[in-house]
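Take a look at the structure below.
The values are calculated or read from the model by the stated rules, or taken from the named source; none is laboratory data. Here the structure is a predicted model, which is why all the values come from computation and not from measurement. So basically every Cβ, Gly included, is an ideal-geometry build from the backbone, and we count neighbours across all protein chains shown. When the accessible area is computed, the model is the full protein with side chains, heavy atoms only, and any ligands, DNA or RNA have been set aside. Shrake-Rupley method; radii C 1.70, N 1.55, O 1.52, S 1.80 Å.
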Amino acid sequence: MKTPAFSSDELTVVSEVPNMFGGPPIAVYKTPVTAKQAVRALYGKAPVWQVMTALGTEAHIFNPSCYPDNVARASVFDATVVPGVSNQSGGKDMFGVEWEYIPAAMGCMVRPGKPFITDASELSEKVVWPDMDSWDWAGCQQLNKGYFREDTAYCTMLLNGYFERLISLMEFEGAILALSDEDQQDDIRVFFDKLTDFYIALCDKHLTYFPEIDNFVLHDDWAAQKDTFFSPALCREMIVPYMKRLTDFVHSKGRYIELHSCGNNIKQVPNMIAAGFDSWCPQGINDVEKIYDLYGDQLILGTQPRHYDVDASSEQEQREAARNYADTYCRPDKPSFLSMHACLPKNLLTPAFREELYKQSRINYAR
C-alpha cells in the first residue's frame, strides 16, 4: 500500500476514546485508512502514521477466557471481564501450575519454594500436556461476538514463552541452571520442540475461532536491568530454533508476531531477528536510540520520546518534542511504533503532543 500524502483536514477530530493510562481522552482523527489498516501497514513496512500497538487507539488486546493461562495470569481481555476489576483471580495454568494474584504488582506469580520439577529429566515424566480441544472455544467465540470492531487491530498474548515456561515449572534458579547444563539440555530440547508444536496448534486454534486477530505477542523475559540472564550464544542454541518454527507458522497465516521481553536486551536483539520476530518494545532501561540505529531496519521497535517536563512545558514545547521524536523515529526505511512506556510513569503524550506527532509522522512516512 502506498502511503497517502498528508492533508490538513485529517486533523479533524471524529471521536474520542478513553485514556487507559489516565489523563484526557484520546482524539481520533479523520485518518485516510482505518486503524486496523494502519497497524497492518506498519508491519508491511509501509507505515501511515505513528501507531501505538496493543494498548493504543489503533489496537486492542484480545486474550480469551477459554485459554487457562489468561485466567491464571489475570490477563483475560475479552467481553467477559472488566479489566482491572474482574480479572484478578489467579489459579492453575494449562500445565496445572498454580499462580497467585499479587495486588501490589497487579499481576500473578508462582508461589516460590515448591517447584513443580527440580531437574529437566522430569519434564517427560511429570508434565501432563493440556488438551486444548477440551476448552470451550465455541462458547468463548459466542460470548465475544460483539467484542471486535472492523476498524481496530487486535493482538493476542501468548503468556509464558520458552524460558518463562521453564521458570514456571522449575523456578528461576532451576531453569537458568538447566538451560546451561549439558546433562539437562537434551531434555529441554525435547520439551521445547513439543512446546513449539503445542504453541503452533494454539495459534491455529485462536485463528480458527477468532480470525479477527492481527498479531500475537509472545512473552519471554531474557534480562534484568543491567544484563541478560544468559549469553546470546546459549539463547541462539537453546531457544531461537524453536521460536523460529513458531514465527514461521504465524507468518504463514498472514499474521505478525512480537516478542515481549523485559530487561536490558541489546545483546539479544540479533537473536530476536534470527528467531523471526517482527517487533519488540524495549523498556526504557535499554538504549533505545542505539538499538534503533543498529537494528531498526530489521526489527520494528517500540520507541519513545526523550523525557521532558510536561508540567513545565508550553504547548509549543510539547509540539516541538513531538516533532523531534517523529524526525528521529518516523522514517519510511526504519518504521517504528509508539511505546506504551511513553505513558509511564509520567504521561508524555499530551493532546498537543499527540496531534503534532500524528501530523509530523504522516508527513515523514509519506515521503
Odd one out for LYS30, checked against (1) over 16 Å from ARG362 (Cα atoms); (2) surrounded by fewer than 16 Cβ atoms within 10 Å (Cβ to Cβ): (1)
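Conditions tested, residue by residue: (1) part of a helix (DSSP H, G or I); (2) open to solvent by less than 10 Å² (accessible area, probe 1.4 Å); (3) in contact (Cβ under 8 Å) with a residue 60 or more places away in the chain.
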| position | (1), (2), (3) |
| --- | --- |
| TRP129 | no, no, yes |
| TYR154 | no, yes, yes |
| GLY161 | no, yes, yes |
| GLU164 | yes, no, no |
| LEU169 | yes, yes, yes |
Qualifying residue in segment 44-56 (condition: open to solvent by less than 10 Å² (accessible area, probe 1.4 Å), within 21 Å of GLY302 (Cβ to Cβ), out of contact with any strand residue (DSSP E or B) (no Cβ under 7 Å at 6 or more places or on another chain) and β-branched (Val, Ile, Thr)): yes
Criterion violated by SER121 - all others in (1) assigned to a helix (DSSP H, G or I); (2) under 27 Å from HIS206 (Cα atoms) satisfied: (2)
Check on ASN265, more than 22 Å from the chain's Cα centre (by Cα), modelled with pLDDT of 95 or more and either closer than 27 Å to SER7 by Cα or not small (Gly, Ala, Ser) (or both): no
Among the residues listed as LEU166, LEU179, LEU159, the single one being over 30 Å from VAL39 (Cβ atoms) and within 20 Å of the chain's Cα centre (by Cα): LEU166
Meets criteria (touching a residue at least 60 places away in the same chain (Cβ under 8 Å), in a helix (DSSP H, G or I) and not small (Gly, Ala, Ser)) for LYS359: yes
Options ARG323, ARG367, ARG331; residue that is at pLDDT below 95, surrounded by fewer than 22 Cβ atoms within 10 Å (Cβ to Cβ) and of a type in the set (Lys, Arg): ARG367
LYS92 within 14 Å of LEU159 (Cα to Cα) and open to solvent by 20 Å² or more (accessible area, probe 1.4 Å): yes
Where VAL71 falls short, out of the listed (1) surrounded by 15 or more Cβ atoms within 10 Å (Cβ to Cβ); (2) out of contact with any Gly (no Cβ under 7 Å at 6 or more places or on another chain): (2)
Looking only at segment 291-310, and only at residues there that are crowded, with 19+ Cβ neighbours inside 10 Å and out of contact with any Leu (no Cβ under 6 Å at 6 or more places or on another chain), the one that is farthest from TYR329 (Cα to Cα): LEU299
